[in-house]
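Colleague: Have a look at the structure that comes next, please.
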């Protein structure tokens with residue numbers, strides 16, 4: 001009886017340890033809406049050309065890039081691999097004028113940093129060009 005109880009407790013502890021170890025390195029994309037808009041006639045989708053302002057930082061707050069000093073929006077096609085996966089996923093369903101904060105795990109930002117860095121972007125969608133309207 002006592003041995004059965006000890007084995008049960010050990011089994012539970014081992015299961016918890018395996019679960020914690022297996023998920024430790026796998027972080028998910030975090031999307032926070034910083035500014036919503038009242039009127040949103042279209043939302044961004046795959047294939048749209050987006051005009052964005054952004055500031056990119058490492059998790060420790062070190063800024064590594066921004067479109068703001070030049071006041072030159074970054075323009076790209078969403079969902080086509082032109083940007084890191086964290087952007088292709090994190091900018092879907094966004095409205096013109098909306099601002100988001102994206103916390104991007106290293107797996108979704110590999111094109112920028114190979115060191116396993118978590119990236120933090122503050123982004124603002126300025127304009128959506130729908131592919132059918134080009």
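Rule-based calculations on the coordinates, nothing more; no lab input. Given the structure is predicted, the values throughout are model-derived calculations rather than measurements. No Cβ is skipped: glycine too gets one built from the backbone with ideal geometry, and neighbour counts run over all protein chains shown.
Colleague: Sort 55, 80, 118 so that the residue with the fewest other Cβ atoms within 10 Å of its own Cβ comes first and the one with the most comes last.
Modeller: Going from least to most buried by this count: 80, 55, 118.
Colleague: Less than 12 Å from a label point 7 Å out along the Cα-to-Cβ axis of residue 40: which backbone N atoms in the range 83-103 qualify, by residue?
Modeller: Only 91-100 fall inside the zone, counting backbone N under 12 Å.
Colleague: Please give the FRET efficiency for residue 70 paired with residue 28, using the beta carbon to beta carbon distance and R0 = 35 Å, rounded to the nearest 0.05.
Modeller: Efficiency, rounded to the nearest 0.05: 0.65.
Colleague: Between residue 129 and residue 51, 0.36 nm times their residue separation minus their Cα-Cα distance comes to what?
Modeller: 27.3 nm
Colleague: Just want the ordering: 88, 60, 65, 48, from fewest to most Cβ atoms lying within 10 Å of their own Cβ.
Modeller: 60, 65, 88, 48
Colleague: Okay, moving on. Taking the Cβ of each residue in 75, 103, 123 as the centre, tally the other Cβ atoms inside 10 Å and list the residues starting with the fewest.
Modeller: On the way: 75 14, 103 18, 123 23.
The fewest-first ordering by Cβ neighbours comes to 75, 103, 123.
Colleague: For the range 28-133, taking Cα atoms only, what is the radius of gyration to one decimal and the Dmax to the nearest whole Å?
Modeller: Looking at the range 28-133, its Cα Rg and Dmax stand at 13.1, 41 Å.
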